[in-house]
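The values are calculated or read from the model by the stated rules, or taken from the named source; none is laboratory data. These figures come from a predicted structure and were not determined experimentally. Here the Cβ is made from the backbone with ideal geometry for all residues, glycine too, and neighbour counts use every protein chain on show. Please note that ligands, DNA and RNA were not included when accessible areas were found on the heavy atoms of the full protein model with its side chains. Shrake-Rupley method; radii C 1.70, N 1.55, O 1.52, S 1.80 Å.
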Amino acid sequence: KNMHIPGFKVAVIPILYYKNTRLEKAINRLYIEADKAFSEGANILILSDRGVDENHLAIPSLLAVSALHQHLVVTKKRTSLAIILESGEPREVHHFATLLGYGATAVNPYLVYQTIHELVEDGMITIPYEEATNNYDNAVVKGITKILSKMGISAIRSYQGAQIFEALGIDKTEIDKYFTNTTSRIGGLTLKDIEKEALGKHEDAYNKRLKQLNFDLD
């Protein structure tokens, strides 16, 4: 975000949307923001879900990355832009593997690092924070490397955007639009279902938080 190197220009694009907004509209807005950043000379896009609150939720990270990746391919901008995800959602090896496989250049799982910091502060992890985060990073990288090796892939560049996964339980309409050319033998969730699920998780989180605040006040 703070890089000032000739030849590189960074643009931060929020992947947040107001909770009464349709998810499809939020994705279309993401396209507009990316096109605008490109026209202004950006060549690194950071998709960020920082700033979630009771009125704003985030586009699911894999959906945001893949949808934008496909949009940039169609508009012939993909080779000119790097997509970096800054999200609190990814935490497991599979999450990182799918994000890279659907177009992410790099991922910053900031919530994982914040969680590790709290665990160190609370004494639940007995090694220094830097060592703990390095251990986490190494574990994730080894996990991704194992996936690559099983697929016979030797370079991360050959894996990024390759979409070597098979989708299970996603409607063909959404696959064609946002995960184009992904194999999908079993249909399922539509964009409205994904929107409903995301909103439900958001409401649960903030209702629980409100209840906890009321409990603390009592």
> For G187, are the conditions met, namely being open to solvent by 40 Å² or more (accessible area, probe 1.4 Å) and free of Cβ contacts under 8 Å to residues at least 24 places away in the same chain?
Replying inline: yes
> Does E89 count as open to solvent by 50 Å² or more (accessible area, probe 1.4 Å), touching a helix residue (DSSP H, G or I) at 6+ places or on another chain (Cβ under 6 Å) and under 26 Å from G51 (Cα atoms)?
Replying inline: yes
> How about region 4-103: which strands (runs of 3 or more DSSP E) wholly inside it have at least 1 residues that are more than 25 Å from D204 (Cβ to Cβ) and touching a residue at least 12 places away in the same chain (Cβ under 8 Å)?
Replying inline: 10-14, 44-48, 82-86
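Rundown of residues vs (1) touching a strand residue (DSSP E or B) at 6+ places or on another chain (Cβ under 9 Å); (2) modelled with pLDDT of 95 or more; (3) under 24 Å from V73 (Cβ atoms), yes/no style:
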| site | (1), (2), (3) |
| --- | --- |
| N135 | no, yes, no |
| I147 | no, no, yes |
| M151 | no, no, yes |
| A155 | no, no, yes |
| T183 | yes, no, yes |
| G188 | yes, no, no |
| N207 | no, no, no |
| L213 | no, no, no |
| D218 | no, no, no |
>> Against the definition (over 30 Å from T21 (Cβ atoms) and crowded, with 17+ Cβ neighbours inside 10 Å), how does Y136 come out, yes or no?
In response: no
> Of the numbered conditions (1) open to solvent by 40 Å² or more (accessible area, probe 1.4 Å); (2) closer than 19 Å to V10 by Cβ, V73 satisfies every one except a single condition; which is it?
Replying inline: (2)
> Residue check: is I84 over 17 Å from T180 (Cβ atoms), open to solvent by 40 Å² or more (accessible area, probe 1.4 Å), β-branched (V, I, T) and in contact with a strand residue (DSSP E or B) (Cβ under 6 Å, 6 or more places away or on another chain)?
Replying inline: yes
> If you take the residues in region 1-38 that are touching a helix residue (DSSP H, G or I) at 6+ places or on another chain (Cβ under 7 Å), among the β-branched types (V, I, T) and closer than 16 Å to V52 by Cα, which one is surrounded by the most Cβ atoms within 10 Å (Cβ to Cβ)?
Replying inline: I15
> What are the pairs, 6+ residues apart or on separate chains, where a residue within region 112-132 that is more than 21 Å from L85 (Cα to Cα) has its Cβ under 6 Å from a residue that is in a loop (DSSP other than H, G, I, E, B)?
Replying inline: L119/I125; A132/I125
>> Can you report the number of residues in region 33-63 which are more than 18 Å from the chain's Cα centre (by Cα), within 21 Å of Y102 (Cβ to Cβ) and not polar (S, T, N, Q)?
In response: 4
